[in-house]
Amino acid sequence: MKNLILSLAFLAMSGFAFGQKTVTIKGGTIVPVEAVKNVRATEVQIGQNVDFKVARDVIVDGVVAIPVGTIVKGNVYEAKRSTAFGTKGRLGIKLRYLNLPSGDVVNFASSDVYIQGKNRTALSVIIFCCTCLPFPCGSKAELITGVEYDATVANNTTVTIE
């Protein structure tokens, strides 16, 4: 009886192991991402985490390796507000990694989101010289939801498909 129970347990566990598939996501694979919410350079600080989500399924060997909606983590490396002298706002975010539902981690390399506002320094100087009115500000840097950016997989990563 004990051998029967052990045999059944072994069969159940081996069936579970065979039911899972692994695929390798190659380094250099492009993952389309978009911001989860709008982010302004004036509202974040360097080092702060910013969430993105995968915009479309990433298919490898005919199966979905990275499902749409998977959260991607990024870090702010530059956040400059526009100034009264017409200089533009700037926002820089480095896309770092994503965690798959299986627990596997996919790291990104050379995947930056960099947004700049418009520079109005020349306009600001002309307005001040001609009219003595206050300087107009440069435009703000804002990350907007729904806009796709590309993240690049850093190295070959073997992941489990559930």
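Here are the numbers:
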quantity	calculated
Linear extension gain, ASN155 paired with VAL68, 0.36 nm per residue minus alpha-carbon span	29.3 nm
Summed residue charge, Cβ within 15 Å of TYR77's Cβ, Lys/Arg positive, Asp/Glu negative	+3
Per residue solvent-accessible surface (Å²) - region 25-99, probe of 1.4 Å	50 Å²
Segment GLU162-ASN99, length gained on full extension (0.36 nm per residue, minus Cα span)	21.3 nm
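The values are calculated or read from the model by the stated rules, or taken from the named source; none is laboratory data. None of the values given here were measured: they were computed from a predicted structure. For neighbour counting, all protein chains shown are included, and Cβ atoms are generated from backbone atoms with ideal geometry for every residue, glycine included. Side chains included, ligands, DNA and RNA excluded: accessible areas come from the protein's heavy atoms. Shrake-Rupley method; radii C 1.70, N 1.55, O 1.52, S 1.80 Å.
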